[in-house]
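Colleague: Let me begin by handing over the structure; questions about it come next.
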Amino acid sequence: KIYDCRAVGRFRKQIILPMVGDRVDVLEEKGKGSVVNIHERSSMLIRPPVANIDQLVVVASIASPQPDYDLIDSFLIRAQAKGLSVVLCINKTDLADCEDAQKIYENAGYRVICESAKNIRVSEEFRVIFKD
């Protein structure tokens, strides 16, 4: 079932914010829900605010707009520091070549997939990373 939920006040007092991916206990009353418990998180990222993930796929364009390598690096480093499996997907390869960026990140030890969202079919590489 889906419930419209709010976290109980004690989370605010403890400065605990529910996040996407949290495993919670909900007290249901008249079709509304209250989050009464947030279970221990196996992982957590502040930006983006998500919990209980084991893989992060960072998607960035190679052109229009130009890639923000500092932001990409920040996501990759934070995810790696949390022990997450990380994949970099460079998009819009129909507009520019991603070979240089691909080499740099692969040499740094990251898995890189170069794609174009204009490609209607999902590549086999994507099927593999999202399996299970």
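Colleague: Hey, Gln14 hits all of (1) surrounded by fewer than 12 Cβ atoms within 10 Å (Cβ to Cβ); (2) touching a Lys or Arg at 6+ places or on another chain (Cβ under 6 Å) but one; which does it fall short on?
Modeller: (2)
Colleague: Scan segment 41-55 for residues that are within 15 Å of Leu71 (Cα to Cα) and exposed (fewer than 12 other Cβ atoms within 10 Å of the Cβ) and jot them down.
Modeller: Passing the criteria: Ile46, Arg47, Pro48.
Colleague: May I pose another question? Got a sec? Which of Asp100, Asp94, Asp22, Asp4 is touching a Ser or Thr at 6+ places or on another chain (Cβ under 8 Å) and either charged (D, E, K, R) or open to solvent by 100 Å² or more (accessible area, probe 1.4 Å) (or both)?
Modeller: Selected residue: Asp94, the only one of Asp100, Asp94, Asp22, Asp4 that is touching a Ser or Thr at 6+ places or on another chain (Cβ under 8 Å) and either charged (D, E, K, R) or open to solvent by 100 Å² or more (accessible area, probe 1.4 Å) (or both).
The values are calculated or read from the model by the stated rules, or taken from the named source; none is laboratory data. What you see is a predicted model, and the numbers here were worked out from it, not measured in a lab. Cβ atoms come from the backbone with ideal geometry, glycine included; neighbour counts cover every protein chain shown. Heavy atoms of the whole protein, side chains included, go into the accessibility calculation; ligands, DNA and RNA do not. Shrake-Rupley method; radii C 1.70, N 1.55, O 1.52, S 1.80 Å.
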